[in-house]
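We did not get these values from a lab; they are worked out from the coordinates using the rules stated. Here the structure is a predicted model, which means the values were calculated and not measured. All Cβ positions, glycine included, derive from the backbone under ideal geometry; neighbour counts span all protein chains shown.
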Amino acid sequence: MATAISVQNLTKSYKRDKMEVPVLNNVSIDVEEGEFLALMGPSGSGKTTLLNIIAGIDTPTQGRVMVAGTDIAGLSETALAKWRARHVGFIFQFYNLIPVLTAFENVELPLLLTDLSKAERKTQVETALKLVGLGDRMHHSPKQLSGGQEQRVAIARAIATDPDILVADEPTGDLDRTSAEEILTLLERLNKEFGKTIVMVTHDPHAANRARIVRHLEKGDLMEESKFMQGAV
Amino acid sequence: MKMLKFVFKNALRHKLRAFLTVIGIAIAVLAFGLLRTVVTAWNAGVEASAADRLVTRQAVSFIFPLPYAYKDQISQIEGVEKVSFLNWFGGTYIDKNQFFARMAVDAETIFDVYPEFVMDPGQKATFLKERNSAVIGASLAKQYKLKIGDVMPIEGDIYPGKWEFVVRGIYQPRDKTVDASQMFFHWNYLNERMRTDMPERAGDVGWYSIKIKDPSRSAEISSKVDGLFKNSRAETKTETERAFQQSFLAGTSSILTALDIMSFVIIGIIMLVLGNTMIMSARERTREYAVLKTIGYSGRHLMMFIAGEAMVIAFLGAGLGLLLLMPSVAGFEAAMPKGWFPVFNIANSTFIMAGSAALVVGLLSALFPLRRALKTSIVEGLRFVG
């Protein structure tokens with residue numbers, strides 16, 4: 001199986017009042033295509049920073065990041081924006097839907113950057129929303145949806161362009177147990193049925209258990225690989 | 001185009017705030033339009049001046065008359081096409097509050113020199129035949145419900161006595177910049193009365209209006225006219241009609257400048273109102289902009305969204321303001337004493353200026369929030385808690 005993500009000797013530090021604050025220390029990780037990786041670790045361990053760098057919304061201080069065949073560390077901001085639109089789908093903890101847009105319009109947002117016709121966009125949005133089980137909520141605004149439904153719209157938005165990689169930052173962190181289960185089942189389905197490579201950051205061992213690989217970060221260091229069988233936690 | 005809907009939805013996201021901002025801009029545009037209209041009306045005489053007309057007046061002051069005999073001499077100057085003259089009459093029609101220009105004119109030439117007063121040939125012929133006839137502007141006729149054959153009694157002040165004029169013509173203004181609220185009658189009629197009642201004032205005219213063949217020769221012809229009467233008992237000052245009209249405004253130039261400045265201060269206020277709204281909106285949406293950037297929207301897209309949103313609000317406000325301007329100008333005109341501003345129209349330039357101001361204000365008010373949106377990294381934006 002080909003490598004979807006290859007991170008080599010990645011270092012990231014931030015400047016805080018002229019002080020260098022190290023966040024990631026010489027991290028290397030490979031993720032194969034179709035993999036479902038969970039990144040775990042305490043707050044401040046650098047898991048979200050690693051996810052952001054893989055997703056091309058943050059830049060490394062040092063190291064090489066190859067994602068979907070592109071060395072994204074060398075891309076300009078504009079090129080990176082185009083690359084993200086084509087290759088990465090994002091799922092956030094707080095859904096981050098645009099409140100003035102309906103579920104349909106939210107899912108359509110990334111498609112507006114493509115050359116698809118209106119009819120093609122409509123088909124793709126409807127497909128994505130039906131896939132997440134919201135075919136009957138297309139014209140609802142976010143405030144008319146429950147948290148779980150909002151997150152499902154966010155997932156539909158993430159998959160609407162059929163990206164190579166899905167990145168999810170605490171996708172169940174703001175949901176009740178039932179909704180969280182639904183979301184995890186959906187992610188699992190996207191991974192298994194549709195072969196999507198997923199990288200998920202989570203605090204929740206129960207959520208991490210749904211991933212096929214779990215890696216732990218501690219103070220910016222990536223711990224040894226531990227493989228979990230589904231339902232092992 | 002496909003993102004326009006998003007721009008509109010964002011612009012009207014906070015309905016009350018958007019409404020108040022639009023109203024604020026509309027009121028400012030309305031005030032701007034009213035001020036510009038007053039400034040335009042004040043300058044109407046200057047703007048309506050013909051390039052091919054010179055005005056010759058007494059060199060000491062406009063209030064002193066010139067001899068009628070100058071007419072033939074001026075006509076002899078090479079380059080002069082036609083010479084006419086006018087004489088301020090004053091007087092009271094109905095009561096002292098009814099103000100409009102009443103002038104004794106050279107009936108034979110006045111409409112040749114002032115083609116902007118459009119006369120029916122039949123009415124003109126009747127006017128020329130009858131000594132006590134008068135021609136009035138269409139708006140004056142409308143204001144006083146005067147029609148052909150009506151008698152206008154006027155109590156003289158500069159020229160004492162009771163005067164009666166029969167309306168024999170109603171002139172139409174050639175365009176909306178022409179004053180249609182004047183009254184003209186035969187200077188000969190006035191002069192005959194002067195000969196008998198005040199002989200020392202007979203043969204005097206107020207000023208000459210000279211139509212020239214080539215406007216580029218106005219300075220040269222003006223010098224020739226003034227040269228003719230140098231060292232005479234009534235030396236002359238000849239200037240273009242525009243300069244003549246401007247000399248009337250000289251005393252009020254500081255008021256006009258103040259009005260001008262105020263109208264542009266209003267533009268500044270609009271900018272602050274909209275800028276404030278845009279800054280608040282953009283700040284609240286820091287996280288959304290980060291999400292959009294994450295999805296793949298570039299700085300160019302954000303610029304389009306933020307500037308577009310500012311434009312929508314600016315143009316809604318400007319449109320509403322201009323819409324309200326028309327009835328407001330009409331109301332303002334109706335509320336003012338008649339004759340203050342004979343020409344009181346919203347100039348096309350006012351519409352253009354208000355539209356351009358909305359465009360510029362929209363763009364400028366978007367600059368600061370746009371800069372902020374572009375400078376904020378995605379990671380910072382996603383962490384933003386508004």
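A few remarks follow.
- Averaged over the residues of peptide A:173-180, the number of Cβ atoms from other protein chains lying within 10 Å of each residue's Cβ is 0.
- When the Cα positions of B:S263, B:S232, B:T252 are compared along the charge dipole of the stretch B:229-274, B:S232 comes out farthest toward the positive end, with charges on each C-beta of Lys, Arg, Asp and Glu.
- Globularity ratio of the stretch B:62-144, using Cα Rg and 2.2 N^0.38 Å: 1.26
- Cross-link partners of B:K230 among lysines (Cα-Cα below 28 Å; sequence separation of 8 or more within a chain): B:K71, B:K82, B:K211, B:K213
- Within 10 Å of the Cβ of each residue in A:156-169, the mean number of Cβ atoms contributed by other protein chains is 1.
- Amide H contacts under 5 Å for A:L217, placed H, 5+ residues apart: A:M40, A:G41, A:M223
- Ratio of the Cα radius of gyration of chain A to 2.2 N^0.38 Å, where N counts its residues: 1.00
- C-alpha center-to-center spacing [the stretch B:141-155, the stretch A:136-194] in angstrom: 82
- Protection proxy ranking, peptides B:99-111, B:13-25, A:14-26, B:141-153, average beta carbon neighbours within 10 Å, highest first: B:99-111, B:13-25, B:141-153, A:14-26
- In order along the stretch B:105-122, the phi-based Karplus estimate (6.51 cos²θ - 1.76 cosθ + 1.60, θ = phi - 60°) of 3J(HN,Hα) comes to 10, 7, 4, 5, 10, 4, 7, 7, 7, 10, x, 6, 8, 8, 10, 5, x, x Hz; Gly and Pro are listed as x.
- Of A:R152, B:R217, B:R300, the sequence from fewest to most neighbouring Cβ atoms within 10 angstrom is B:R300, B:R217, A:R152.
- Across q = 0.13, 0.18, 0.22 Å⁻¹, the stretch B:207-339 modelled as identical point scatterers on its alpha-carbon atoms has Debye log10 I(q)/I(0) values of -0.84, -1.10, -1.28, in the order of the q list.
- The stretch B:137-285, relative contact order [Cα under 8 Å, separation at least 6], %: 13
- Peptide B:369-378 - average C-beta neighbours from other chains (10 Å radius): 2
- Note on the stretch B:53-198: Cα-only Rg and Dmax are 15.2, 45 Å.
- The magnitude of the dipole of the protein assembly as shown, with charges of +1 and -1 set on the Cβ of Lys/Arg and Asp/Glu and taken from the Cα centre, is near 400 debye.
- In chain B, the calculated helix contribution to ellipticity at 222 nm averages -17500 deg cm²/dmol per residue, counting -39,500 (n - 2.57) for every DSSP H run with n ≥ 4.
- Reachable lysines from B:K145, criterion Cα separation under 30 angstrom, eight or more residues apart if same chain: B:K96, B:K124, B:K129, B:K162, B:K176, B:K338
- Amide H contacts of B:V118 (H built 1.01 Å from N, under 5 Å, at least 5 apart or other chain): B:Q172, B:R174
- Relative contact order %, chain A, counting alpha carbon pairs below 8 Å whose residues are six or more apart: 28
- Chain A - mean residue ellipticity at 222 nm from DSSP helices (-39,500 (n - 2.57) per run, n ≥ 4, rounded to 500): -9500 deg cm²/dmol
- Beta bridges per DSSP with both ends in chain A, % antiparallel, nearest 5: 55
- All other residues whose Cβ lies under 12 angstrom from that of B:Q123 are scored, Lys and Arg at +1 and Asp and Glu at -1, for a net of +2.
- Percent breakdown of C-alpha pair distances by 10 Å bin, ordered from the shortest bin, for the stretch B:99-179: 17, 53, 28, 2
- Less than 5 angstrom separates the built amide H of A:L166 from those of A:G89, A:T197, A:I198, A:V199, all sequence-distant by 5 or more or on a different chain.
- For the stretch A:74-233, the tally of Lys pairs with Cα-Cα distances below 25 Å comes to 13, considering only residues 8 or more apart or on different chains.
- The protein assembly as shown - Rg and Dmax from Cα coordinates, angstrom: 40.0, 127
- Table column - 3J(HN,Hα) (Hz), the stretch A:17-24, Karplus curve with 6.51, -1.76, 1.60, x for Gly and Pro: 6, 6, 9, 7, 10, x, 10, 10
- Cα gyration tensor category, rounded, prolate or oblate, for the stretch B:1-69 with a/c compared to 1.5: prolate
- Rg to Rh, two decimals, where the stretch B:1-136 supplies the alpha carbon set and Rh follows Kirkwood: 1.26
- Look at the alpha carbon pairs under 8 Å that are at least 6 residues apart: their mean separation over the length of the stretch B:1-149 gives a relative contact order of 10 percent.
- Straight-distance crosslink candidates among aspartates and glutamates, where the alpha carbon sits under 16 Å from B:K15 and sequence neighbours closer than 8 are dropped: B:E284, B:E309
- In order along the stretch B:130-137, phi translates into HN-Hα couplings of 9, 5, 9, 7, 9, 10, 10, x Hz, rounded to whole numbers, per the Karplus curve 6.51 cos²θ - 1.76 cosθ + 1.60 with θ = phi - 60° and x for Gly and Pro.
- Note: the stretch A:132-233, Cα convex hull, 119 Å³ per residue.
- Alpha carbon convex hull of the stretch A:8-133, projected area averaged over orientations, nm²: 10.2
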